[in-house]
Structure formats: C-alpha cells, structure tokens
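Trainee: The structure under discussion is supplied below as structure tokens; questions concerning it will follow.
What follows is calculated from the coordinates using simple rules that are stated; it is not laboratory data. The structure presented is a predicted model; accordingly, all values stated were derived computationally and were not measured. Here the Cβ positions follow ideal geometry from the backbone for every residue, glycine too, while neighbour counts run over all protein chains shown.
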Amino acid sequence: MRNHFLGFWFVVAVTVFGALYPLRASISLAPAPASESAILIGAGDIADCKDLSGAEATGKLLDQIPGTVMAVGDLAYPDGSKENFVCYDKTWGRAKARTRPAPGNHEFHSSGATPYFDYFGAAAGDPKTGYYSYELGTWHIIVLNSECNDVGGCESGSPQEKWLRADLAAHPVACTLAYWHKPLFSSGGAHGNDPTVKPLFQALYDANADVVINGHDHDYERFAPQTPDGAADAKRGIREFVVGTGGKNHRPFGATKPNSELRDTTTFGVLKLTLKPNGYDWQFIPEAGKSFTDSGSGACH
C-alpha cells in the first residue's frame, strides 16, 4: 500500500510541475527528427606518424563542425598498427565517438586490420567483413570494404556484393550514399581507376543511389553523375567524390578522366555534406591558410 500511495503522489507532483513550468517540461534531448538535415563530414588518407601536420590541420576543422564523421580509409600510416593508431588518435581521435570509419589498404598491412577494428570497436562493423550501414537523417548510408581479397572478393555474387544488394533492397529510401576507400573513377596519378569495385558501384546504380565518397589518391576530385561504365548520366548517375585530403601528403594528377568536373592537389581539407530529405549540399572546407574550396547541390533520384 505504501508504494502505491507514494506512486500516486509522484504522478500528481509531476503533473503539477509540468503545468506550472511548461517551457521546462517541453525540453527534449531526443535526436533531431528525421525530416531535418543531417551533416556528414570527413576525408580519407589521414595520419602519418612521420608527419602529423596535415592530419592536425584537418582534425582542427572537425572540431569546428558538428555531425557524423566519415573516415574514408588509410587512417593510420604506414601500417595501420596499434602504434600508428596512436597517431590517428592524436589528430582525429577527438571525433572518435561520432566517427563511422571505412578501412583502407594500409589498415590491412596489419593482419586482418585488427588494430583498426580494435580501435573503433562496434562502430567499424563486423571485424570479419568491415562493411555495414546506418541511417543518418532521411538518408541511408552504406560503408563498404574495398580490400576485396580480404573479404571474399567484390565481384558479382561475392559475399559483399550480395550483402550490398540485400541491404539496398531492405532500405528503399529516397536518398542513399556510400563510402569506401578505393575509387572506381579517379584521375590520380598514383592509382587512378580501380575496376575491382565496379560491381559494388553497379549495385548502387541499380538501386538509384546518389553519392559515393572515396579516398586512396591523395587529392580532391569531383565527378559529374555517371554510370558504372563512366558515361555521363544526369538523370540516374552517381556523383563520386575523391577526398584523399585528410593529411597524409599530396600527389600529382595523371590524365583527366571523363566527367571529372574539378580537381585539386594542393590543399588538405574535409568534405562536408548537408543531407536533406530530398537532396544534398556539398562543401570542401580547406585547412587554415588555404583558399581552395568547392561547393554545390544535388537532388536525390
């Protein structure tokens, strides 16, 4: 009886307090409604223990911008070791709690990319695969693993490609973005196009995905919407960004690939995407003291 009596008066007190102080009672710490815009920001090719100045510069940019951080592979040079991730932690580690990473080839210089998975924990997905998806605002975000040999391949019918198609079918939203390390399209002189990931790009195209973010080449490049075969496609094409500008170093471009709209190899920085219910804005934010930038908008398919 005593517990019921106390419970009754607790309910009465809460009701009276809410009536007397309606403004305080309305305060909520719940996440913003899915109908509002969300921020996704980041880059790849980040912290080199031999010279952290570039990663420190981009890490300071993250400090100034809220939102989810995408770390797009090759995060800890040279070998993705436990010691190398100490260097990553010194620069981008302040944003760890809001980071959703993708692995790069340097992570797999350490067997199974174990230090990478140990550092990020559940945020990096299943250590056996390294690919996963999540929701951000009204958008579906997919993180893939372009170290194909380490996850059973990327070809059509491979475990990752089959998982990707199933994930896309299970999330038929208006707007979809994917990121992984090695780009299908790139004018970078060090690496360039990587056709091994074409089946993944194809699956995304078949499902009307909108944006792909990559790294690997240490530069910034924006492509016009295109098909997996590299044909311009303003109606259904996927817009790809290469953002290997996290701080490692810069490398020169090779021959310019078709549909490449803008390129820079002089500036470290991060790509900020404002994800809206039916479209997106992009902005390349340069390190302090540099002037190169890029911005624009796109609509979801």
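Trainee: Considering each of 173, 197 in turn, give the residue that is among the β-branched types (Val, Ile, Thr) and part of a helix (DSSP H, G or I). Can you show your working first?
Mentor: Details: 173 fails: part of a helix (DSSP H, G or I).
Exactly one residue qualifies, and that residue is 197.
Trainee: Regarding residue 79, is this residue in contact (Cβ under 8 Å) with a residue 60 or more places away in the chain, charged (D, E, K, R) and not in a helix (DSSP H, G or I)?
Mentor: Numbers: in contact (Cβ under 8 Å) with a residue 60 or more places away in the chain: no; charged (D, E, K, R): yes; not in a helix (DSSP H, G or I): yes.
No; evaluated as a whole, the condition is false for this residue.
Trainee: Say we look at the range 62-83 and pick out the residues that are hydrophobic (A, V, I, L, M, F, W, C) and buried (at least 19 other Cβ atoms within 10 Å of the Cβ); which of these is farthest from residue 94 (Cα to Cα)?
Mentor: Checked the range 62-83; the qualifying residue farthest from residue 94 (Cα to Cα) is 72.
Trainee: For the range 155-164, how many residues meet the condition of being buried (at least 16 other Cβ atoms within 10 Å of the Cβ) and in contact with an Asp or Glu (Cβ under 8 Å, 6 or more places away or on another chain)?
Mentor: 1
Trainee: Right, here's the next one. Might you check whether a residue that is surrounded by fewer than 17 Cβ atoms within 10 Å (Cβ to Cβ) and of a type in the set (Ser, Thr, Tyr) occurs anywhere in the range 91-108?
Mentor: No, the range 91-108 has no match at all.
Trainee: On to the next question. Can you tell me which residues in the range 112-154 are surrounded by 14 or more Cβ atoms within 10 Å (Cβ to Cβ), assigned to a loop (DSSP other than H, G, I, E, B) and at negative phi?
Mentor: 127, 129, 131, 138, 144, 145, 146, 147, 151, 154
Trainee: For a quick check of your reading of the model, give me the residue pairs whose first member lies in the range 156-167 and is farther than 15 Å from residue 145 by Cβ, whose second is surrounded by fewer than 16 Cβ atoms within 10 Å (Cβ to Cβ) and not hydroxyl-bearing (Ser, Thr, Tyr), with beta-carbon atoms closer than 9 Å and at least 6 apart or on different chains.
Mentor: From residues that are farther than 15 Å from residue 145 by Cβ, the pairs are 156/162; 165/206.
Trainee: Looking at residue 190 and the list (1) surrounded by fewer than 24 Cβ atoms within 10 Å (Cβ to Cβ); (2) outside any loop (DSSP other than H, G, I, E, B), which single condition is not satisfied?
Mentor: Result: residue 190 passes all but (2).
Trainee: Next question, about the same structure. What's the total number of residues in the range 208-253 that are closer than 30 Å to residue 87 by Cα, of a type in the set (S, T, N, Q) and part of a loop (DSSP other than H, G, I, E, B)?
Mentor: 2
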